[in-house]
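J.: This is the structure I want to talk about, given as structure tokens.
Every read-out reported here was derived from the displayed coordinates using simple, explicitly stated rules and does not represent laboratory data. The structure displayed is predicted, hence computed values, not measured ones. Backbone-built Cβ (ideal geometry, glycine too); neighbour counts: all protein chains shown.
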Amino acid sequence: MRIGFVGLGNMGGPMCRNLVKGVNHEVIVHDLNAEAVRACTAQGATAADGLATLAASCEVVFTSLPTPQHVEMVAREIAAAARPGTVLFDLSTNSPTMVKRLHQELAARDITLLDTPVTGGVVRAVDASIVVMVGGDEAVFDQHRALLAAFSGTQVHVGPVGSASVAKLINNMLVLCNMAVAAEGMMIGAMAGIDLHKLTNIIQNGSGDSTGFRGLAARGLKGEFTPSFALDLAAKDLGLAVELAAEHGVPGLLAPQALALLRMARGLGYGQLDTSAMLKVYETMLGREVRLQ
């Protein structure tokens, strides 16, 4: 089998490299970043000379892209060149509405699309322990599960196309809201003058702990804002979750406030930093850094 992989960024790159190491198939890769392509070809992948060439030669294609707009554009390019019967797994965080529309569009060309977002972050992408959520034809999922298992620790079939994207947006909404309130809480602790090391120890061993808090403690509270998950992408994901809530008539009481914090951070120029840079909004407003020294 020839497998295509398009999008070799912070998440796509390690997933692709684990796929190369974990299957006995040829993996063809494409990305606009030549360095990202070289990192995968060094592990045994083959670089495509273009997206159309990749699509025409592969039975299965994975995409891992930044936004729904990128997914839509790339999927249509793939569809224009792919053979009937091609299976497309989109690993991106996506709009459920767009995924459903694209699924119908590709089905008319006899191309099967499954929305296949992942969760666990870059570290777990590197060690192949991430969780893969799959929406779409369950028989197709079962047929290709071994490919997914090559770069993930858990694979969950959620339901029809679009359902996995719903699950991913809710998951990211929770972690981002947790991180937002963690930033606020740590600023309160700093302003109140308590030992932040002790406060962090209490929270991480108490009922206030969360993945969002641990992410803030590991990066933002240490002043390390090199992006693991860029704030711009976090704002996109949370914006999609807020849109999903509105689409289904769910009153948004908390997520829109966290989204406002992310938008403020972007407005202050922190969009390309790590998501934990939302802490810098409080620091900028109050003129005080919150750090574990």
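J.: Applying the Karplus parametrisation 6.51 cos²θ - 1.76 cosθ + 1.60 with θ = phi - 60° to the phi angles of the stretch 44-52, what ³J(HN,Hα) value in whole Hz is obtained for each residue in order, glycine and proline being reported as x?
T.: x, 6, 10, 7, 7, 8, x, 5, 5
J.: If you don't mind, there's one more thing I want to ask. Taking the chain as a Gaussian network, Cα atoms linked when under 10 Å apart, which of Ala255, Ala55, Ala81 shows the biggest mean-square fluctuation?
T.: Maximum among the listed residues: Ala81.
J.: Exceeding 23 Å between C-alpha atoms, which entries from my cross-link table qualify? They are Lys100/Lys236; Lys168/Lys222; Lys168/Lys280.
T.: Pairs exceeding 23 Å: Lys168/Lys222; Lys168/Lys280.
J.: Across all directions of projection, what mean area in square nanometres is found for the Cα convex hull of the stretch 2-160?
T.: 7.8
J.: Then there is this: Mind checking the alpha-carbon convex hull of the chain and giving the volume per residue in Å³?
T.: So the per-residue hull volume is 132 Å³.
J.: Still on this structure, I have one more. For the chain, set up a GNM with springs between Cα atoms under 10 Å and report which of Gln69, Gln143, Gln257 has the largest fluctuation.
T.: Answer for the Gaussian network model of the chain: Gln143.
J.: Sticking with this structure for a sec: Could you run the Karplus curve 6.51 cos²θ - 1.76 cosθ + 1.60 with θ = phi - 60° over the stretch 9-19 and give me ³J(HN,Hα) per residue in whole Hz, x for Gly and Pro?
T.: Here the 3J(HN,Hα) series is x, 4, 9, x, x, x, 4, 5, 5, 5, 5 Hz.
J.: Right, something else. Sort Ser276, Ser210, Ser95, Ser129 so the one with the fewest other Cβ atoms within 10 Å of its own Cβ comes first.
T.: Sorted ascending by nearby Cβ count, the order is Ser129, Ser210, Ser95, Ser276.
J.: Rg over Rh of the stretch 166-286, using C-alpha atoms and the Kirkwood radius, what does it come to?
T.: 0.97
J.: Of all DSSP beta bridges located in the stretch 2-160, what percent are antiparallel, nearest 5?
T.: 10
J.: Would you be so kind as to identify which of Ala245, Asn33, Val60 lies farthest towards the positive end of the dipole of the chain, taking Lys and Arg as +1 and Asp and Glu as -1 on Cβ and the Cα centre as origin?
T.: Asn33
J.: Go through the stretch 99-115 residue by residue and turn each phi into a ³J(HN,Hα) via Karplus (6.51, -1.76, 1.60, θ = phi - 60°); whole Hz please, and just put x for glycine and proline.
T.: 4, 4, 5, 5, 4, 5, 5, 6, 4, 5, 9, 6, 10, 9, 9, 10, 7
J.: Something else: Would you mind ranking Phe62, Phe5, Phe141 so that the residue whose beta carbon has the fewest other beta carbons within 10 Å leads the list?
T.: Neighbour counts put them in this order, fewest first: Phe141, Phe62, Phe5.
J.: Show the residues, 5+ positions off or on another chain, whose built amide H is closer than 5 Å to the amide H of Ala47.
T.: Val29
J.: Want the number for Asn205 to Arg288: 0.36 nm per residue separation, take away the alpha-carbon distance, what's left?
T.: Length gained, Asn205 through Arg288: 27.3 nm.
J.: Under unit Cβ charges (Lys, Arg +1; Asp, Glu -1), what dipole magnitude, rounded to 20 debye, does the chain have relative to its Cα centre?
T.: 480
J.: Roughly speaking, what % of Cα-Cα pairs in the stretch 1-56 are separated by over 14 Å, rounded to a whole number?
T.: The proportion of pairs with Cα distances above 14 Å equals 41 percent.
J.: Also, quick follow-up: Ranking Ile28, Ile188 by Cβ neighbours within 10 Å, fewest first, what do you get?
T.: In increasing order of surrounding Cβ atoms, one gets Ile188, Ile28.
J.: Determine which aspartates and glutamates satisfy two conditions relative to Lys198: a Cα distance under 19 Å, and not lying fewer than 8 residues away in the same chain.
T.: Here the aspartates and glutamates satisfying the reach criterion relative to Lys198 are Glu184, Asp209, Glu289.
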